[in-house]
Amino acid sequence: MGRALLFAASRKQKCVTKSPTDSELVALSDNIQFVELFAEFMSFIMNMDIEVPIIYEDCTAVISLVTEGGGVVRTKHLRVRMELCKQALQEKKFVLRYISTKQMLADGLTKALEGEDFIVFAEHMLGTSMA
């Protein structure tokens, strides 16, 4: 909401995958429920309809799988996850947008940042300038 952090998590995935695209698809499908829950919570608290939540994704392959379908999904459980994401997207439960890896703020929660990258991350999280 605004620039406030609502939820952050870092955990092991529930299944083993063979590629980064598969891993990103698993992460997206695992977290859709949290996006829906927070949207409903904010709508309830504010007693009004809110904008459709935006999920930022830095993997264009996952965006293509979820928006256009097709592609090569190796296993049945990954096809199910892809269809779950496609259905939620079609029902407008969230909007999926591309953001470059360099701009992905969530990476600062799971990766060590140095120098300018750390300052940019800290300023966004704190909502202030560190200069």
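The values are calculated or read from the model by the stated rules, or taken from the named source; none is laboratory data. Keep in mind it's a predicted model, so treat the numbers as computed, not measured. Counting neighbours? That spans all protein chains shown, and the Cβs are built from the backbone with ideal geometry, glycine included. Heads up: the accessible areas ignore ligands, DNA and RNA and are worked out on the full protein's heavy atoms, side chains in. Shrake-Rupley method; radii C 1.70, N 1.55, O 1.52, S 1.80 Å.
Values for this structure:
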quantity: For the stretch 54-109, diffusion coefficient by Stokes-Einstein and Kirkwood Rh (Cα), 4 °C, 1.567 mPa s, µm²/s; calculated: 107
quantity: Charge tally in the Cβ shell below 10 Å around Asp22, where Lys, Arg are +1 and Asp, Glu are -1, Asp22 excluded; calculated: +2
quantity: Sum of side-chain charges, Thr75 neighbourhood, beta-carbon under 11 Å (Lys, Arg +1; Asp, Glu -1); calculated: +4
quantity: Mean projected area (nm²) of the alpha-carbon convex hull when the stretch 80-131 is viewed from all directions; calculated: 5.1
quantity: Å² of accessible area per residue within the chain, as computed with a 1.4 Å probe and no ligands counted; calculated: 70
quantity: Counting all C-alpha pairs of the chain, share separated by more than 27 Å (%); calculated: 26
quantity: Contour excess over end-to-end distance, with Cα ends at Lys92 and Lys14 and 0.36 nm allotted per residue; calculated: 25.5 nm
quantity: The stretch 14-81: radius of gyration over Cα atoms, expressed as a fraction of 2.2 N^0.38 Å; calculated: 1.32
quantity: Span from the the stretch 51-106 Cα centroid across to the the stretch 17-39 one, whole angstrom; calculated: 8
quantity: Whole-percent carbon and sulfur share, accessible surface of the stretch 1-115, 1.4 Å; calculated: 56
quantity: Modelled FRET efficiency - R0 30 Å, Thr60 with Phe118, Cβ distances, 0.05 increments; calculated: 0.70
